[in-house]
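Working notes for the structure below.
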Amino acid sequence: MTNILDDIRKNLISGNISKVKELTETAISENISAEEVLNKGLIEGMGIVGEAFKKCEIYIPEVLIAAKAMHAGLAILEPILAKSGVEPTGKVVIGTVKGDLHDIGKNLVAMMLKGAGFQIFDLGIDISPEKFVEAANERGAQLIAISSLLTTSMPSMRTAIDILKKSDTRNKIKTIVGGAPVTQGFADEIGADGYAKDAASAVDKAKELLGKL
Ligand code: B1M
């Protein structure tokens, strides 16, 4: 016999948006806690999607549709979770660097992080180095996630990290960088705490980095 949390996971993985919404509502009406629906249904489901994406068993369109299904479920849970004071996995400020307007990869990373239970403050595109640090301080974020798709905009990542290093909150905030032209070598060179080559790996790295705080 399958239970409703299995059904939520299965429908999330297959991107059945209306079914995930309906099942999430049913689970809540059956007195399953919002936290359990979130962790055992939505987050576990999105974790399976992330692993399949990493192994190239599924591709970007499937991930995006699963993320939409996740959002449909989250929309039901968010007001309940907010009232019950359940803490997010961590707070992340994310954006695309100054001079760069590409946002598809950044959005994917943001969605996967949200899927893993992180609270996301998405600053958008063309974000100045100062803005990343200011926003992280304002929001009490533990992680700044910076995306760059252009070789010309990559140096702006270094500036953001330099500004953070000079600030009082350096030991409270980690940094992760990524995007097609970014490499582990570049991340090391600019002093980023982490690098991830894709959205699913970004979730693993974010969890690892926050574990070190
Ligand atoms: Co542009 N573009 N583009 N573009 N564009 C590229 C990036 C390019 C490689 C194309 C090419 O020449 N072959 C090239 C960059 C060359 C370089 O510098 N290395 C390029 C260029 C040159 C330009 C313009 C300068 C073109 C022009 O005007 N002459 C211009 C720049 C505008 C600007 O930003 N100032 C430009 C404009 C555009 C569009 C607006 C038309 C559009 C962007 C639309 C949008 O994002 N809303 C666009 C697009 C779509 C592309 C390509 C075709 C696709 C990018 C994409 O979305 N990929 C791209 C060529 C290509 O990659 N094939 C190209 C899908 C996305 C899911 O992958 O973003 O790599 P990606 O994200 C991955 C990983 O990189 C990683 O996870 C994601 C998936 O798991 N990742 C992270 C991303 N961010 C991460 C952050 C992390 C961790 C992982 O931690 C924080």
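Taken over the stretch 154-198, the criterion of being assigned to a loop (DSSP other than H, G, I, E, B), at pLDDT 95 or above and buried (at least 16 other Cβ atoms within 10 Å of the Cβ) is satisfied by M154, I173, G179, V182, A192, D193, A196.
Looking only at the stretch 1-25, filter to residues that are among the hydroxyl-bearing types (S, T, Y) and at pLDDT 95 or above; which one of those is nearest to V37 (Cα to Cα)? Among those residues, the one meeting the criterion is T24. No other residue among F132, F118 is under 15 Å from G191 (Cβ atoms), within 14 Å of the ligand (Cβ to nearest atom) and buried (at least 17 other Cβ atoms within 10 Å of the Cβ) apart from F132. For the stretch 134-170, residues that are touching a residue at least 40 places away in the same chain (Cβ under 8 Å) and more than 21 Å from S201 (Cα to Cα) total 8.
Checked against the criteria, G105 does not count as farther than 16 Å from I176 by Cα and either buried (at least 24 other Cβ atoms within 10 Å of the Cβ) or of a type outside the set (S, T, N, Q) (or both). When I176 is tested against the conditions (1) touching a Leu at 6+ places or on another chain (Cβ under 9 Å); (2) among the hydrophobic types (A, V, I, L, M, F, W, C); (3) touching a residue at least 40 places away in the same chain (Cβ under 8 Å), the lone failure is (3).
Among the residues of this structure, T96 does not count as one that is of a type in the set (S, T, Y), closer than 23 Å to A145 by Cβ and away from the ligand (no atom under 12 Å from the Cβ).
Considering only residues in the stretch 30-65 that are within 13 Å of the ligand (Cβ to nearest atom) and open to solvent by less than 10 Å² (accessible area, probe 1.4 Å), the one that is nearest to A202 (Cα to Cα) turns out to be G50.
The values are calculated or read from the model by the stated rules, or taken from the named source; none is laboratory data. What you see is a predicted model, and the numbers here were worked out from it, not measured in a lab. All Cβ positions, even for glycine, are placed from backbone atoms using ideal geometry, and neighbour counts span all protein chains on display. Only protein heavy atoms, including side chains, enter the accessible area calculation; ligands, DNA and RNA are left aside. Shrake-Rupley method; radii C 1.70, N 1.55, O 1.52, S 1.80 Å.
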